[in-house]
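Bear in mind these aren't lab numbers, they're just calculated from the coordinates by the rules spelled out. Every value quoted in this text rests on a predicted model; they were computed, and no experiment measured them. Neighbour counts are summed over all protein chains in view; Cβ atoms, including those assigned to glycine, are modelled from backbone coordinates with ideal geometry.
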Amino acid sequence: MSERPTHEETAVTEQNAVAADYGTSLPLFHRTVRPEWIDYNGHMSEAFYVLVFGYATDAMMIETGLHAGYRESTGCSLYTA
């Protein structure tokens, strides 16, 4: 499968953010589609949408304070389905 990216690899920085409107969205995650994620029709395979969504959820959790320290101290987390 794919190696989980670090927060530093995926976080949107001032250098790579593109004129974001923070009133409507908060860009937290950026990932380039890998060639092995492409199916026989030239589209990203459904399985990899789930993988990327999981990475984006992790980035959102870190940004909103639901990081490892929070989970360890409260025993709480977030689950998406």
Test of understanding: extend the Cα→C-beta vector of residue 77 to 7 Å, then name every residue of region 34-71 with backbone N under 11 Å from that spot.
68, 71
Footprinting exposure proxy for 46, 63 (fewest neighbouring C-beta atoms within 10 Å first)
46, 63
Taking H as built 1.01 Å from N, whose amide H comes closer than 5 Å to the amide H of residue 44, not counting residues under 5 places away?
39
